[in-house]
Amino acid sequence: MPPKGASTKLKPMRLPPLPRLKVRRPNQSESNPCLAIMSSVLTCWASSGHTIAGCQALENQLRTCMDAPRPVAQKKNTINYHLSRMYANIVGPRKRK
């Protein structure tokens, strides 16, 4: 409850002066699922000296991963477009220089 005699009218919330509203990296790309297997194969090769017998299982996993079809690409996020479109309504009129 406000103190006695104080106004109960709410002040509108104002944003700080920003040149534009923008969400950083709205389209986070997923990391390549074959990357971990490939690093395991390279580590195995580095430790065992490129022997076929020791790293055969990892090489087969890498081949199956690379031969698998790629997942369908996600739609691009449009939040920055809509923020730039609505920014003038949020901030209000500006003074001319």
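So, by mean Cβ neighbours within 10 angstrom, what's the order for 64-71, 39-46 with the highest one leading?
Sorting 64-71, 39-46 by mean packing, highest first, produces 39-46, 64-71.
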#### Entry: Amide H contacts under 5 Å for Asn77, placed H, 5+ residues apart
none
### Message
If I take R0 = 30 Å and measure r between the Cβ atoms of Leu35 and Asn80 in this structure, what FRET efficiency does the formula 1/(1 + (r/R0)^6) give, to the nearest 0.05?
### Response
0.60
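Readers should treat all values here as calculations from the given coordinates under stated rules, not as data from a laboratory. Source: prediction; values computed, not measured. With ideal geometry, Cβ positions are generated from the backbone for all residues, glycine too; neighbour counts draw on all protein chains shown.
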